[in-house]
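What follows draws every value from the coordinates through simple rules; no lab data is involved. Model, not experiment: these values are computed from the prediction. All Cβ positions, glycine included, derive from the backbone under ideal geometry; neighbour counts span all protein chains shown.
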Amino acid sequence: MAPAESQRLKEAQKLVASDPRKAEGLYKEIISTPPSVTSEAAVKEYETALIGLGELYRNEKNAQELVGLVTKSQTVLTAFAKAKTAKLVRQLLDLFQDIPDTTDLQISVTKSCIEWATSERRSFLRQNLETRLVALYMAKQSYYDALTLINGLLRELKRLDDKLVLVEVQLLESRVYHALGNIPKARAALTSARTSAASVYTPPLLQAHLDMQSGMLHAEDRDFNTAFSYFIEALDGYHTQDESARAQAALQYMLLCKIMLNLVDDVNNLMTSKQALKYAGQSLEAMKAIARAHANRSLEEYERALAAYRYELGSDAFIRNHLTRLYDAMLEQNLIKVIEPFSCVEIAHIAVMVGLDTQQVERKLSQMILDKVIIGVLDQGAGCLNIFEETERDQAYDSALATIEKLSNVVDVLYTNQASMLE
């Protein structure tokens, strides 16, 4: 690397904050001339200038210029070593993550990079880009496209026996099925991912992702104690890798498990732990408000917490779904408590007692009757709920059914014996 070129790079790095336009011009001058691949210093300077320019566009939220940079750099990167090319392309694409509302643009530029990697016969880079594309499809909720791509990748990776990428793809498959609500397939995919991970070194961040997904699937089965233990492992993994956002999410999930188990003291202890103090924020305050409302069994307080922390509690589908279930359980408990002294009670009176809309209460009571949580009927004409006393099951019916079943078995045996004699 010539001293003048080195000086230009240093000057551009200094000017990024004070004069970004001049820094952009210097970066463009450096990358306009392809470096000699035999000169390690020249290649290093090109890499630094390329990423520096990309970071400049990221800081300015200039997604279109960043797309142009990725496209233009492909010609030069063709001459680089495959591993170095893959690293630079991934670094450039990672810059898009800090620019909001660019999911569609990221999908477009990733597809373009996949086509380029395919034409250059760079299979490793293509597989990594396709794995990234699956994650983008998930963010856009295009689950059919994600599964189509996953199926092709799994066939190829199993044939090549590339365990590490296989673990990533199987984990993504588990997440897609989980998002679709197909828990058995999500669990099967996660089991495959853990089996593949057992035979290869798994980076701490990927292991944390596996633990996080395991905890979420156990929570779906209402096994919150096991889920909690997995979330602890995930939190430790994210903490060691300085993944603050994910560590905070893991801590939220831990609090959610304790809330679902109705262990208020454990929630308070967690809130005063070192991890909670490190990752303190609105997300944890939201969970604390929900825990307080649940402990007080107050639907009104619960709804106030949901309204006050709408983003923190509504942006995460996992938390949102479990809080909906928790709300239903609290509503059932409140309704049972209100109607317990009555044999006939007005729906409007129940609504006033629980502080909810009459139609909402009527829908919930209908569901509870169908689920046989309460035994009664809704008299919509009179606007009342008639509650019946639970009668004991008549054992004579069970005895009669058992007798009929035994007689049926005897008849079947006699019929079989008669048929064999005729033969």
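A simple packing score, the average count of other Cβ atoms within 10 Å per residue, orders the peptides 378-389, 410-421, 21-32 as 21-32, 378-389, 410-421, with the highest score first. The base-10 log of I(q)/I(0) for the stretch 99-210, evaluated at q = 0.12, 0.14, 0.16, 0.20 Å⁻¹, reads -0.41, -0.57, -0.74, -1.12 [Debye formula, identical scatterers on Cα atoms, solvent excluded]. Fully extending the segment from THR240 to VAL264 would add 5.8 nm, taking 0.36 nm per residue of separation and subtracting the current Cα-Cα distance. Can you pull out the trypsin sites (Lys or Arg not before Pro) in the stretch 245-321 that DSSP calls coil and that have at most 16 other Cβ atoms within 10 Å? In loop regions of the stretch 245-321 (DSSP not H, G, I, E or B), the sparsely surrounded trypsin sites (Lys or Arg not before Pro) are ARG297. What is the log10 of I(q)/I(0) for the stretch 332-422, computed with the Debye formula using one identical point scatterer on each Cα and no solvent, at q = 0.15, 0.17, 0.25 Å⁻¹? Relative scattering, expressed as log10 I(q)/I(0), comes to -0.64, -0.74, -1.22. Between 0 and 90 degrees, rounded to the nearest ten: what's the tilt of helix 183-197 against the longest Cα principal axis of the chain? The helix 183-197 is inclined about 40 degrees to the chain. Working note: Cα atoms of the stretch 317-356, range along each principal axis, descending, whole Å: 39, 16, 10. Its alpha carbons give the stretch 208-250 an Rg and a Dmax of 9.7, 30 Å. Under 15 Å from a label point set 7 Å out along the Cα-to-Cβ vector of ALA79, the amide N atoms of the stretch 25-52 belong to 30-47.
Can you classify the stretch 23-63 as rounded, prolate or oblate using the Cα gyration tensor, where a ≥ b ≥ c are the square roots of its eigenvalues, rounded means a/c under 1.5, and otherwise it's prolate if a/b beats b/c and oblate if not? Cα axes put the stretch 23-63 in the prolate bin. With contacts taken as Cα pairs under 8 Å and at least 6 residues apart, the stretch 116-195 reaches a relative contact order of 22 percent.
Using R0 = 25 Å, the C-beta based FRET efficiency linking GLN359 and ASN296 works out to 0.50. Counting only residues at least eight positions apart within a chain, or on another chain, the lysines with an alpha carbon under 29 Å from that of LYS14 are LYS22, LYS28, LYS44, LYS61, LYS72, LYS84, LYS87.
Bridgeable aspartates and glutamates around LYS406 (alpha carbons under 15 Å apart, same-chain partners fewer than 8 residues away excluded): ASP398.
Model label points for SER273 and THR416, set 7 angstrom from Cα along the Cα-to-Cβ axis, are 5.9 nm apart. Calculated on C-alpha atoms, the gyration radius of the chain divided by its Kirkwood radius gives an Rg/Rh of 1.14.
The charge dipole of the chain, taken about its Cα centre with unit charges on the Cβ of Lys, Arg, Asp and Glu (plus for the first two, minus for the last two), comes to roughly 1880 debye. Counting only the Cα atoms, the stretch 272-397 fills a convex hull of 156 Å³ per residue.
Quick one: SER408, SER366, SER196, SER73, fewest Cβ neighbours within 10 Å first, how do they rank?
SER408, SER366, SER73, SER196
Each stretch of four or more DSSP H residues adds -39500 (n - 2.57); spread over every residue of the chain, this sum gives -25500 deg cm²/dmol at 222 nm. Taken along the Cα-to-beta-carbon direction at a fixed 7 Å, the label points for GLU11 and LEU407 span 10.5 nm.
Note on the chain: dipole from Cβ charges, positive end direction compared against LEU414, LEU205, GLY355; the farthest Cα belongs to LEU205.
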